[in-house]
Each structure stands twice: as structure tokens, then as C-alpha cells.
Amino acid sequence: MAEIIGEPLDRIDGRLKVTGRATYAYEHQIPNAATGVLVTSTIAKGSITSIDSKAAERVPGFLLVLTYQNATKLNNPLNTTAQGQERSPARAITALQDNLVRYDNQPVALVVAETFEAAREGAALVRVQYAPDRHHVDLEKRLAEAYTPKKAGGGGDPATSNRGDVNAGMSEAEARVEQTYWTPFEVHNPMEPHATIAVWDALDHLTLYDATQGVFSDRGRIASLFGLKPDNVRVISPYLGGGFGSKGPVWSHVAIAAMAAKQLNRPVKLAVERPQMFGMVGLRSQTRQTLRLGAKHDGTLTALSNETYSHTSTFDEFVESSTLCARMLYQSPNNSTVQKLVKSDIGTPSFMRAPGESVGTYALEAAMDEMAYALKMDPVEFRLKNYAETDPEENKPWSSKSLRECYTRGAEHFGWSKRKLEPRSMREGHTLIGWGMATAVYPTRRSASNASARLNADGTFSVDAGTQDLGTGTYTIMTQIAAQSFGVNPQQVKFRLGDTLLPQTPVSGGSQTAASTGSAVYLAGQALREKLIQMAVSDTASPLSGVSEQDVVFEGGRLSAKGNPAKGEAFQQLLARRGLPYVEAQANAKPGEEKNKYSMYAFGAQFAEVRVDADLGQMKVSRMVGCFGAGKILNAKTARSQFLGGMVWGASLALYENAVLDERLGRWVNNNLAEYHVPTNMDIGNFEAMWVDEKDDHVNPLGAKGIGEIGITGAAAAVANAVFHATGKRIRELPITPDKLLLA
Ligand code: MOS
């Protein structure tokens, strides 16, 4: 049978999406649903002194106003823990539980009405009075207040690392780079804003149609907040219009919708409006990263360190773990990193596509570029000189690493050998042209996942797993994996996801869905195949009765004896004889010993060309090539989209995105898609993603490494390095805007 895994199969859900038939959370038609609209705070810190909702209550169709005075009390919304205990991964939420304002745009009231229009009008009429306290949202002036947390990132890595002696390594160096780099606040802004519909039934069971990256983690958190058994909560999420990490945790609005529905005793739907998404549903913190690099004239690194400051909120802890890549990417004998946090009056920062690595690779790879210039070495050659053959931090072999091929093939495809080393040396008339490159890296993760597979009496094959499709291609790759595992065509497979009634799966975060749930789907197909063979050989009425299991061939909808295709039967006959409507097999795929034995990462190389107007500083990323080594690629078409999407976001981090927080007011200034700049097609030139055929037998049964996040890593650095090559100006504060270039 031909390989189905890897084929560029069209998206299973593509037609539904372009014809408007894919039902997103807010679009589920629930009879008698009322609509809620949030009122959010207009100060960054303080307390509510009064709420006047009289005018809102007079709006025709008004049903309910929820404030801290009448909201349902939740169990441990702030997710606090006893001294010394570790926090659960859930985020603290601020769901109308007290009169304190902790950040700009915090929910302070919900108005529910018969229609969206009435709810919106009512929300606009609610008058909230505040007693503001002095807020703090700046980073630079409060570095002295910073503390070092215990852990960094989602993988439980320590917040500090140390090997060798960085100071000694710096003294023996013949070239040194010591620079500080800044990255901005970013807000996820998926096209589909957060939304939820809460429906309680007469037995006090709650159903949520929620835009979430984790139906099961959502179920667990909501059950705990409301004191329900997890089995009494069902979460449904068949389609998402992007997530990028913001839809990983449960945020305040989900709990608020559920409490409103409970109080009104009718379904309530609630969408977070675009301006409200700045603050209450997570964001990427600013980082201030100080890199120190020392090297010998021949390019050998003698020292490497990264000290990072980032924000957390006053009521929860999140670390933008930008130092992790500096620990393992290069063979530096002396290496140290530390993460420091400053508490700010902002909504809690959270996971955003390649949390840590996206901005960590920017600073590290910009510093590596600066060192390459200091040494007058080609940046690719400099990286190859310090290539880590094994993980220098963990002292473990890589499960696989194709970075060398990525550099070589990416450079070849880009035409890197024609680059002149000297900055400002390539131009066409008034246009300065620059070429830059950087390394991409993202860890390969996996969590326990379940799946089930069924052969139905009509010969169709259905596969279930509760997982989510963020727009990444989960429906499509799972269908391919199931088809190949069971030995049928993808057209014969019906794959279902996005429902807690289906087998339990992990959150779709950390690029782990393909590796985790894909492995479970693969094993479920295999288990079903074995079950059917066993049924046939042990069935005295089957032509295969008594044949040994290894001698049964499973192909084209038939079971037959090896070497004798006539001796056999169709699956349906086997089921029909026993009067079975279906045969089902379950699988549970768990990580094994591989994590202890190997260091597991996807790697890549990014090459960018920018064109800069020599007088005006206007920039365009005219070309980009990313070459990745990410294990088995499960679908060439959806994978390409994933890589390209990440690369575009990296270019955006370099040149456009910046959520501006006014330090005097503590408020978001550009909380809309007109002023929060993301690149358009006009800004993005010819972007190409390619990959190395990488075989990895260690990471998981599929050999797939996960590709949702690696595309953004290294991309901002490649663009920033290209801007330097074009202009000779090193801007160390992203985004690199024309004004910064002109003033430099
Ligand atoms: Mo991703 S930021 O782990 O959803």
C-alpha cells in the first residue's frame, strides 16, 4: 500500500471553512440563547467604588448585569497554592470575584440581553467608578525589583543554568559581544476572538461550546472552579480560527459566561471583542535580554550567557523562557543563563507561539551575528564552527539533528554564497539590500493521549480522539495517519475531534498534537487491525479459520491468507456473521524512556532578504527561505503552511508587531487591528519553506517532531540581521521601524 502519511492531502475541513459551514464556537445555534457583552476596566490598578447599571437595565431586552456584587463565587480562581507547593499549570483568572482592578481591560461587569445589540448598548451604559492606585507597568526602571522564579517555561526547566565559568571564558576571549536586546509586547490576535456558549441542563451538567486549544484541560479547570465533577462538564470545540497559545488556558470570560447562564437558567453566549483581547487572555511579555559572547579569532566560542528580564502579573507567574535556547544551541564550554521577573499591573503574560524560543532566538542569533562581524566570518561558517554534536547542557545525544543539512540546503537555495560580507555593500539604486540568517530551534514534546478506532458494519472506518484543530491541519493529518495505520484510503476514514465525550487527549500546545495524539491514532488503527485478524482466524465459519495470525494479509477491505488471495473474506462479512454493528479498539500512547536517553529538538535555518529605502528607512522582507529538520513530515501541504505562518510571524516580530502600553495610564493604546500592525500580503515577498527528510526512531512511533512553532524561531533574527547587512545599523529593539533606522 502506498504511503499516505506525508502526502499533500487537501484539508479535510477546507471546503467547510471556505463555504462557511464550519461551526466556530460563537456560531453554534443554541435555542433560547441570550447574549452577554463584557464591560472591562479603564484603569490598570485600583478598586471599584461604585457600579451604576440603572440605564443599562432600562434597555429593552435587558436580562442581567453581573458584577463582583452578585457573581457566583468560584473555587480558587487565582490558583493560589500553599507555601512551597507548586502551582498547577492553570492561569489565575479575574472573574468578577472582588472589587479589585489588577490590569487594564479586566472584566468588571457582564450585561446579558435578548440580543447582541441590546447587550452591547447596555454594556456601554454601565457606569463604573474607580479609586485608582499607583500602577507599575514599565520594566527598565524596575530591574532592581526583579526576582528569579523556580521554573522557566512549560517544560519545567529550571530558571537558571550554569556550566563552566563565563567570566573566565570572557577573559580568554579574543573578541567579545556584550549587548542588550529588547522585544515588544505582542498580543496573539487570532482571527477568531475568544468566545464561549454556556449551557446548563436540569441535572446541573454544564456544556461549553468554547474556542479552546484543550477541551479536556478546559473541562478540568471549569469543573474545579464551579465545584463540579469533570464528568458533568462537556466541552465542544470542533473548529478554531487560530489559537497560538492564547486559547490554551481557561480565561475569565469562560467562567463569567457559565455563571451568567446558571443565574439566568438559560444558555449564554459571550465573545471577547477585539479591543478586549489586549490584556485578559494572555500576551507575550516584553523581554530585555543581555547577551555576552566571547570567541577566539578562529570563531570558537569561549563563553555565552543570557540574562533575561520579563514581566509577570501581580497575581500569577509566567516566565517568557527566552534563555532556554542559549543553553543548548552551541558548543560553548562556559555558559550561564538566568530568567528574572518583574511584577507588573498587566494581565498575566502567557504562552504565545514558540514561547521563549521565538524571542530567545532573536537575541541569541542577533548577538551571534554581531560576533560573526567582529570576527569577519561568514555567519553560517561561524555557527558551524560551534555546532553542538551532542546536547552540551544535558550531555545527551540528540534523538536526531539535521541542522548542518538545513544550513547547507537553505543557503544553497537562497543563493547565500553570492553574499558580500560587508554591510551596506548590496544595493539597487536607492534600495539597500541585506541578507541575514539565523538558527531555528524548538523542543520536541509529547504527552499521553488516547484514541479509538472502529470498523463499522457498512465498511467505513471511524476514528475518534478528543483533540483540537487550531487551523493547523489536525483533522487532515489524523485522517492520513489512521488510513495508513489501518490500511484503507483516507476517503474511507471519518475522524472526529473537539469533544470531551471522545477519548482523552492533551492540550494542543507546545507543538505536541501530531506527536501525542497522532501516535495514539496510529496505535488504535494497528490494534483494530490485530483484533480483526484474531476474530477471523478464531472464527470456524471464516475461510481464514485456523490460519496463523502472521499469515493473514490485510488489504483492500479484505482479509486473506498470504499467497492465496482467494482464501479470505471482506471485513463486512466477518462483522455480519456475528451481527456486530462495529468492532472497536482503543489505544493509549505514552511517552517512554526516550526523554531520559535523548535530547529531542527540531532545528532549522532561516535566510532573509530585506530591501530598505536608503532615504526613508521603509523596509520589506522581499525573500525568505526556511529549511527545517523536524522528523517525519505528515502532510507536505499543511506542514508548508505551518512553517510559512511561523516565518511570517517572525518577520512581523522583527518589523511590525508592538502592543503599546502607555506607562502613564497603564493602558493599551493600540488595541485594534488598524494600529496593532501585522504584515499584509504587500509586506511579505516570496517566502519558501523546505525541509530535510529526517528519520527519527526515538521521538515517538511516528517519528514526527511537531512543527507548529519552529517556523517563527530564528525568523525575527534573520530579518533583523538582514536589516543590519543592508544598512550597517544595528537596531536592538524590536520592532525595527523606519524611525529607529533614520535616527540611528
Ligand atoms: Mo502554543 S504557544 O504552546 O499554543
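Pick out the one residue from Lys343, Lys376 that is within 30 Å of Pro190 (Cα to Cα) and either in contact (Cβ under 8 Å) with a residue 40 or more places away in the chain or in contact with a helix residue (DSSP H, G or I) (Cβ under 9 Å, 6 or more places away or on another chain) (or both). Explain how you work it out, then say what you get.
Numbers: Lys376 fails: within 30 Å of Pro190 (Cα to Cα).
None of the others qualify; the one that does is Lys343.
Among Ala109, Ala159, which is the only one that is over 26 Å from Asn670 (Cβ atoms) and either polar (S, T, N, Q) or buried (at least 17 other Cβ atoms within 10 Å of the Cβ) (or both)? Even if it seems obvious, please write down each step before you answer.
Details: Ala109 fails: over 26 Å from Asn670 (Cβ atoms).
So the residue among Ala109, Ala159 that is over 26 Å from Asn670 (Cβ atoms) and either polar (S, T, N, Q) or buried (at least 17 other Cβ atoms within 10 Å of the Cβ) (or both) is Ala159.
In segment 583-600, what residues are touching a Lys or Arg at 6+ places or on another chain (Cβ under 7 Å) and not charged (D, E, K, R)?
Val583, Ala585, Pro591, Tyr598, Ser599
Are any of the residues in segment 117-129 among the acidic types (Asp, Glu), surrounded by 24 or more Cβ atoms within 10 Å (Cβ to Cβ) and at pLDDT 95 or above?
At the first step, the residues of segment 117-129 found to be among the acidic types (Asp, Glu) are 117, 121.
With surrounded by 24 or more Cβ atoms within 10 Å (Cβ to Cβ) added as a condition, the list becomes none.
Within segment 117-129 (the criterion being among the acidic types (Asp, Glu), surrounded by 24 or more Cβ atoms within 10 Å (Cβ to Cβ) and at pLDDT 95 or above), the answer is no, since none of the residues qualifies.
Would you say Thr302 is surrounded by fewer than 24 Cβ atoms within 10 Å (Cβ to Cβ) and within 28 Å of His725 (Cβ to Cβ)? Write out each step before concluding.
Values: surrounded by fewer than 24 Cβ atoms within 10 Å (Cβ to Cβ): yes; within 28 Å of His725 (Cβ to Cβ): yes.
So Thr302 passes the test.
Quick check on segment 467-509: of everything there that is among the aliphatic types (A, V, I, L, M) and touching a helix residue (DSSP H, G or I) at 6+ places or on another chain (Cβ under 7 Å), which residue is nearest to Val235 (Cα to Cα)? Outline the logic, then answer.
Residues of segment 467-509 that are among the aliphatic types (A, V, I, L, M), as a first pass: 470, 477-478, 481-483, 488, 493, 497, 501-502, 507.
From what is left, the residues that are touching a helix residue (DSSP H, G or I) at 6+ places or on another chain (Cβ under 7 Å) are 477-478, 481-483, 493, 497, 507.
Values: Ile477: 22, Met478: 20, Ile481: 25, Ala482: 24, Ala483: 27, Val493: 24, Leu497: 11, Val507: 13 Å.
Restricting to residues being among the aliphatic types (A, V, I, L, M) and touching a helix residue (DSSP H, G or I) at 6+ places or on another chain (Cβ under 7 Å), the top hit is Leu497.
Which pairs turn up if I take residues in segment 468-484 that are assigned to a helix (DSSP H, G or I) and look for partners that are within 15 Å of the ligand (Cβ to nearest atom) and of a type outside the set (A, V, I, L, M, F, W, C) with beta carbon separation below 8 Å, at least 6 apart in sequence or on another chain?
Partner pairs satisfying both residue conditions: Thr474/Thr467; Thr474/Gln468; Thr474/Ser508; Thr474/Thr513; Thr474/Thr517; Tyr475/Asp469; Met478/Thr467; Met478/Thr517.
Quick one: is Leu661 away from the ligand (no atom under 16 Å from the Cβ), out of contact with any helix residue (DSSP H, G or I) (no Cβ under 6 Å at 6 or more places or on another chain) and touching a residue at least 24 places away in the same chain (Cβ under 8 Å)? I'd like the intermediate steps shown before the answer.
Numbers: away from the ligand (no atom under 16 Å from the Cβ): yes; out of contact with any helix residue (DSSP H, G or I) (no Cβ under 6 Å at 6 or more places or on another chain): yes; touching a residue at least 24 places away in the same chain (Cβ under 8 Å): yes.
Taking the combined requirement at face value, the residue satisfies it.
Which numbered condition trips up Val281, out of (1) more than 16 Å from the ligand (Cβ to nearest atom); (2) out of contact with any helix residue (DSSP H, G or I) (no Cβ under 6 Å at 6 or more places or on another chain); (3) of a type in the set (Val, Ile, Thr)?
It fails just one condition, (1).
For segment 425-444, check the following and say yes or no: at least one residue is among the β-branched types (Val, Ile, Thr), away from the ligand (no atom under 16 Å from the Cβ), within 28 Å of Arg409 (Cβ to Cβ) and buried (at least 24 other Cβ atoms within 10 Å of the Cβ).
Within segment 425-444 (the criterion being among the β-branched types (Val, Ile, Thr), away from the ligand (no atom under 16 Å from the Cβ), within 28 Å of Arg409 (Cβ to Cβ) and buried (at least 24 other Cβ atoms within 10 Å of the Cβ)), the answer is yes, since at least one residue qualifies.
Quick check on segment 228-245: of everything there that is within 30 Å of Leu16 (Cβ to Cβ), in a loop (DSSP other than H, G, I, E, B) and not hydrophobic (A, V, I, L, M, F, W, C), which residue is nearest to the ligand (Cβ to nearest atom)?
Looking at the filtered set, the residue picked out is Gly245.
Can you name the residue in segment 446-471 that is within 16 Å of the ligand (Cβ to nearest atom) and surrounded by fewer than 24 Cβ atoms within 10 Å (Cβ to Cβ) and, of all such residues, is nearest to the chain's Cα centre (by Cα)?
Keep residues of segment 446-471 that are within 16 Å of the ligand (Cβ to nearest atom), which gives 446-447, 449, 467-471.
With surrounded by fewer than 24 Cβ atoms within 10 Å (Cβ to Cβ) added as a condition, the list becomes 447, 471.
Details: Ser447: 15, Gly471: 12 Å.
Filtering first and then ranking leaves Gly471.
Which one of these does Leu225 not meet: (1) over 30 Å from Gly84 (Cα atoms); (2) away from the ligand (no atom under 16 Å from the Cβ); (3) surrounded by 20 or more Cβ atoms within 10 Å (Cβ to Cβ)?
(1)
Residues of segment 700-711 being within 16 Å of the ligand (Cβ to nearest atom) and either surrounded by fewer than 23 Cβ atoms within 10 Å (Cβ to Cβ) or part of a loop (DSSP other than H, G, I, E, B) (or both), which ones?
Lys705, Gly706, Ile707, Gly708, Glu709 - these are the residues of segment 700-711 that are within 16 Å of the ligand (Cβ to nearest atom) and either surrounded by fewer than 23 Cβ atoms within 10 Å (Cβ to Cβ) or part of a loop (DSSP other than H, G, I, E, B) (or both).
Which count do you get for residues in segment 329-366 that are within 15 Å of the ligand (Cβ to nearest atom) and surrounded by fewer than 24 Cβ atoms within 10 Å (Cβ to Cβ)?
1
Outside any helix (DSSP H, G or I) and within 24 Å of the chain's Cα centre (by Cα): is that true of Gly248 in this structure? Working first, answer last.
Details: outside any helix (DSSP H, G or I): yes; within 24 Å of the chain's Cα centre (by Cα): yes.
Yes; evaluated as a whole, the condition is true for this residue.
So, in segment 552-566, exactly how many residues are in contact with a strand residue (DSSP E or B) (Cβ under 8 Å, 6 or more places away or on another chain), assigned to a strand (DSSP E or B) and more than 16 Å from Ser538 (Cβ to Cβ)?
Kept after step one, since they are in contact with a strand residue (DSSP E or B) (Cβ under 8 Å, 6 or more places away or on another chain), are these residues of segment 552-566: 552-553, 557-562, 565-566.
Filter once more, keeping what is assigned to a strand (DSSP E or B): 552-553, 558-561, 565-566.
Keeping just the survivors that are more than 16 Å from Ser538 (Cβ to Cβ) gives 553, 558, 560, 565-566.
Final tally of qualifying residues: 5.
Confirm whether Thr212 is in a loop (DSSP other than H, G, I, E, B), touching a helix residue (DSSP H, G or I) at 6+ places or on another chain (Cβ under 6 Å) and either in contact (Cβ under 8 Å) with a residue 40 or more places away in the chain or of a type in the set (Lys, Arg) (or both). Write out each step before concluding.
Numbers: in a loop (DSSP other than H, G, I, E, B): yes; touching a helix residue (DSSP H, G or I) at 6+ places or on another chain (Cβ under 6 Å): yes; either in contact (Cβ under 8 Å) with a residue 40 or more places away in the chain or of a type in the set (Lys, Arg) (or both): yes.
So Thr212 fits the description; yes.
Within segment 267-286, can one find any residue that is farther than 30 Å from His194 by Cα and either among the aromatic types (Phe, Trp, Tyr) or modelled with pLDDT of 95 or more (or both)? Give the steps one after another, and end with the answer.
Let us first name the residues in segment 267-286 that are farther than 30 Å from His194 by Cα, namely none.
No: zero hits.
Which residues, counting only those in segment 494-533, are among the hydrophobic types (A, V, I, L, M, F, W, C) and part of a helix (DSSP H, G or I)?
Step one: filter segment 494-533 for residues among the hydrophobic types (A, V, I, L, M, F, W, C), giving 495, 497, 501-502, 507, 514-515, 520-521, 523-524, 527-528, 532-533.
Correct list: Ala514, Ala515, Ala520, Val521, Leu523, Ala524, Ala527, Leu528, Leu532, Ile533.
Mind checking whether some residue in segment 445-455 is modelled with pLDDT of 95 or more, farther than 30 Å from Phe244 by Cβ and out of contact with any helix residue (DSSP H, G or I) (no Cβ under 6 Å at 6 or more places or on another chain)?
yes
Take the conditions more than 16 Å from the ligand (Cβ to nearest atom) and touching a Phe, Trp or Tyr at 6+ places or on another chain (Cβ under 6 Å) and apply them to Ala131. Does it pass?
On the way: more than 16 Å from the ligand (Cβ to nearest atom): yes; touching a Phe, Trp or Tyr at 6+ places or on another chain (Cβ under 6 Å): no.
Against the criterion (more than 16 Å from the ligand (Cβ to nearest atom) and touching a Phe, Trp or Tyr at 6+ places or on another chain (Cβ under 6 Å)), Ala131 does not qualify.
Out of curiosity, is Arg219 crowded, with 24+ Cβ neighbours inside 10 Å and either at pLDDT 95 or above or in a loop (DSSP other than H, G, I, E, B) (or both)?
Details: crowded, with 24+ Cβ neighbours inside 10 Å: yes; either at pLDDT 95 or above or in a loop (DSSP other than H, G, I, E, B) (or both): yes.
Yes: the conditions hold for Arg219.
Select from segment 133-156 the residues that are at pLDDT below 95 and in contact with a helix residue (DSSP H, G or I) (Cβ under 7 Å, 6 or more places away or on another chain) and write down the one among them that is surrounded by the most Cβ atoms within 10 Å (Cβ to Cβ).
In this case the residue turns out to be Ala152.
Among the residues of segment 507-515, are any more than 16 Å from the ligand (Cβ to nearest atom) and in contact (Cβ under 8 Å) with a residue 12 or more places away in the chain? I'd like the intermediate steps shown before the answer.
Quick first cut of segment 507-515, residues more than 16 Å from the ligand (Cβ to nearest atom) only: none.
For segment 507-515, residues more than 16 Å from the ligand (Cβ to nearest atom) and in contact (Cβ under 8 Å) with a residue 12 or more places away in the chain: absent.
Inside segment 1-117, counting only strands (runs of 3 or more DSSP E) that do not spill past its ends, which hold 3 or more residues that are of a type outside the set (Val, Ile, Thr) and over 31 Å from the mean Cα position of the chain (by Cα)? Explain how you work it out, then say what you get.
Details: elements: 34-40, 46-52, 62-66, 107-113.
Per the criteria, 46-52, 62-66.
Only one of these is more than 16 Å from the ligand (Cβ to nearest atom) and polar (S, T, N, Q): Gln263, Gln213. Name it. Steps first, answer last, please.
Details: Gln213 fails: more than 16 Å from the ligand (Cβ to nearest atom).
Answer to the check: Gln263.
The values are calculated or read from the model by the stated rules, or taken from the named source; none is laboratory data. Keep in mind the model is a prediction, meaning the values are calculated, not measured. Positions of Cβ are generated from backbone atoms using ideal geometry, with glycine treated the same way; all protein chains shown enter the neighbour counts.
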